[in-house]
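Laboratory data are not the source of any read-out in this text; all were calculated from the coordinates shown. Values in this document were obtained by computation on a predicted structure and should not be read as measured data. All Cβ positions, even for glycine, are placed from backbone atoms using ideal geometry, and neighbour counts span all protein chains on display.
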Amino acid sequence: MRNLLHPTKFWAATAALCVALFGTEPLSAQDADGFVPLFNGNNLDGWQGATEVYAVEDGRLVCRKHGPGEKESTDKNLFTTKEYADFVLRFEFKLEPGANNGVAVRSPLKGRISEVGMEIQILDDYAEQYKNLQPHQYHGSIYLLAPAKRGHLKPVGQWNSEEIMFQGRRAKVTLNGVVIVDVDLDNLEYKKYLDKNTGRMRTKGHIGFLGHGSRVEFRNIRIKEL
């Protein structure tokens, strides 16, 4: 009798072989947990937008230092070409001092993303210049909508791991193994800026990284559709 690999194990083995042979993973390769890479570590295939701001360096996706320009200018944003509805997104990131970026979810390609879509903050919370921000502006928060629990970022220069889950009307953000946001988008306790955001009603859209002038590095960017 032939010893056949389970399909999940087969794809995991295929991905590992691709990494060994070519130094990158095919975007269709599924791992044992059902995740596929959003970034292949080699080029920006599958992405659109600010390809002159984002670059590939040593297998990492890097938002390079750039002029911030107009606040939330869409020419600083990098989006997936595909749209996603319900998903779990996993990635690792490393900040420089004072770094500021964001993750777009269920987003259109144009407009102020924190208002017409949703933005999960990426921020060096410990930087002196950010000591007086609003609660929804700190790392892991859904901008304007849901403040995150603070104190779980690693020091600047170390790699952090993050998981963002959107399923139906539920949104959850986990940072370094700690749940820092877990909300019902239809029943948000933080109501101060609800009138500024229409994007929370969207059920589908692009995932993206939102540049705000500083260098941020990303790796192991993977997604599982639910």
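Worth a mention:
- Amide H to amide H distances under 5 Å link SER141 with GLN121, ALA148, where only residues 5 or more positions off or on other chains count and H is placed in the peptide plane.
- With the simple model of a label 7 Å out from the Cα in the direction of the Cβ, THR51 to GLU92 spans 2.7 nm.
- Once the Cβ-Cβ distance of ASN176 and ARG219 is raised to the sixth power relative to R0 = 25 Å, the FRET efficiency obtained is 0.95.
- Note, ³J(HN,Hα) from phi for region 45-52, Karplus 6.51, -1.76, 1.60, rounded to Hz, x at Gly and Pro: 4, x, 10, 8, x, 7, 6, 8
- Full extension of the chain between LYS110 and ALA32 yields a length gain of 24.6 nm, computed as 0.36 nm times the residue separation minus the alpha carbon distance.
- Distance between region 76-124 and region 144-207 - C-alpha centres, whole angstrom: 11 Å
- Taken one residue at a time, the phi angles of region 190-195 give Karplus couplings (6.51, -1.76, 1.60, θ = phi - 60°) of 8, 10, 4, 10, 4, 5 Hz. Gly and Pro are set to x.
- Between GLU163 and LYS131, the simple label model (points 7 Å from Cα in the Cβ direction) yields a spacing of 3.5 nm.
- Evaluating 6.51 cos²θ - 1.76 cosθ + 1.60 at θ = phi - 60° for every residue in region 199-208, the Karplus couplings come out as x, 5, 7, 5, 10, 7, x, 7, 9, x Hz, glycine and proline recorded as x.
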